[in-house]
């Protein structure tokens with residue numbers, strides 16, 4: 001998985017920022033949004049963020 005890939009183009013949030021937020025205890029989309037800014041503008045990345053969370057939970 002390329003952690004340098006941008007997952008939220010509106011806020012320029014990369015996958016590694018989502019991974020870091022989860023490592024710091026973010027357990028919901030709202031918490032990830034608060035910590036990273038992802039999802040907070042247009043919301044188009046919400047599906048990709050959910051997929052990333054699921055992928056990390058399964059690992």
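The values are calculated or read from the model by the stated rules, or taken from the named source; none is laboratory data. None of the values given here were measured: they were computed from a predicted structure. As a convention, Cβ positions derive from the backbone with ideal geometry for all residues, glycine included, and neighbour counts pool all protein chains shown.
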Quick check on my filter: what residues within the stretch 15-38 are assigned to a helix (DSSP H, G or I) and within 19 Å of residue 2 (Cβ to Cβ)? 15, 16, 17, 18, 19, 20, 21, 22, 23, 32, 36
Check on residue 34, modelled with pLDDT of 95 or more, touching a strand residue (DSSP E or B) at 6+ places or on another chain (Cβ under 8 Å) and surrounded by fewer than 15 Cβ atoms within 10 Å (Cβ to Cβ): no
Taking the stated definitions as given, is residue 41 part of a helix (DSSP H, G or I) and surrounded by 11 or more Cβ atoms within 10 Å (Cβ to Cβ)? no
Just name the residue that is farthest from the chain's Cα centre (by Cα) out of those in the stretch 24-43 that are farther than 12 Å from residue 13 by Cα and touching a residue at least 12 places away in the same chain (Cβ under 8 Å). 42
Given the residues 20, 14, 51, which is the only one that is within 10 Å of the chain's Cα centre (by Cα), loosely packed, with under 13 Cβ neighbours inside 10 Å and on the phi < 0 side of the Ramachandran plot? 51
Looking only at the stretch 6-14, decide whether some residue is part of a helix (DSSP H, G or I) and touching a helix residue (DSSP H, G or I) at 6+ places or on another chain (Cβ under 8 Å). no
